[in-house]
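One structure is given here, and the rest of the page talks about it.
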Amino acid sequence: MADTIQLEIVTPERLVVNTQAEEIQIPGKTGYLGVLPGHAPLITELAVGEISYRTGSDTRRLAVAWGFAEVLPHKVTILAETAEKAEDIDVARARAARQRAEEELRKAGTGGDPEAQAALQRATARIEVASKLNGQLANFTP
Ligand code: ATP
């Protein structure tokens, strides 16, 4: 069996993922970080985006928003404010949140609205992650 890393994704509400993976992609504040077994230890702030992890040919995705990631050679711990597995994302809810945020940003004009901007980022990440899952299912032939 290939060398693996333990991946734990925790939110204030629950343990979302606890698994072994061969490769993990994390949305860091300064860009995406790829982690393979044996990675040098580090702590990074999370941005809003997608966490993906691969075991063999199986890749799973989650939408995450803010928090921290601790990388150790054989363990990655993600403490995120929110994290949803692709299959648990309510796309209609995310679309509605995106629409509300866009409307608020339009109203705010050039002054901007950081809260609406953040809500837009979260909604966009959720829609993107969910759409990749649907793409996989669409291509799936039993
Ligand atoms: P909304 O306006 O729809 O509540 P939001 O971005 O304000 O969206 P958050 O405050 O980021 O929501 O999250 C609140 C809780 O709801 C978290 O537990 C988060 O995982 C969950 N959540 C938010 N949006 C979705 C979604 N589209 N599908 C599944 N869970 C969601």
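Using a ≥ b ≥ c from the Cα gyration tensor of region 1-60 (square roots of the eigenvalues), is it rounded, prolate or oblate, where a/c under 1.5 gives rounded and otherwise the larger of a/b and b/c decides, a/b for prolate?
oblate
So if I place +1 on the C-beta of Lys and Arg and -1 on the C-beta of Asp and Glu, and nothing else carries charge, what would the dipole magnitude of the chain be about its Cα centre? I want it in debye, nearest 20.
Roughly 300 debye, rounded to the nearest 20.
Using a Förster distance of 41 angstrom, determine the FRET efficiency expected from the C-beta separation of E104 and E8, and round it to 0.05.
The value I calculate is 0.75.
Which whole-percent values make up P(r) of region 50-95 when all C-alpha to C-alpha distances are grouped in 10 Å steps starting at zero?
Pairs per bin, as whole percents: 23, 48, 25, 4.
Using a Debye calculation, one point per C-alpha and no hydration shell, please list log10 I(q)/I(0) for region 22-142 at q = 0.16 Å⁻¹ in order.
Rounded to two decimals, the profile gives -0.81.
For helix 114-138, what angle does its Cα long axis make with the longest principal axis of the chain, in degrees from 0 to 90 and rounded to 10?
Around 50 degrees separate the two axes.
Taking only Cα atoms, what is the 0 to 90° angle, nearest 10, from helix 91-108's long axis to the longest principal axis of the chain?
Here the helix axis deviates by roughly 50 degrees.
Each value in this text was obtained by applying a stated rule to the coordinates, not by laboratory testing. Keep in mind the model is a prediction, meaning the values are calculated, not measured. We place every Cβ from the backbone using ideal geometry, glycine too, and count neighbours over all the protein chains shown.
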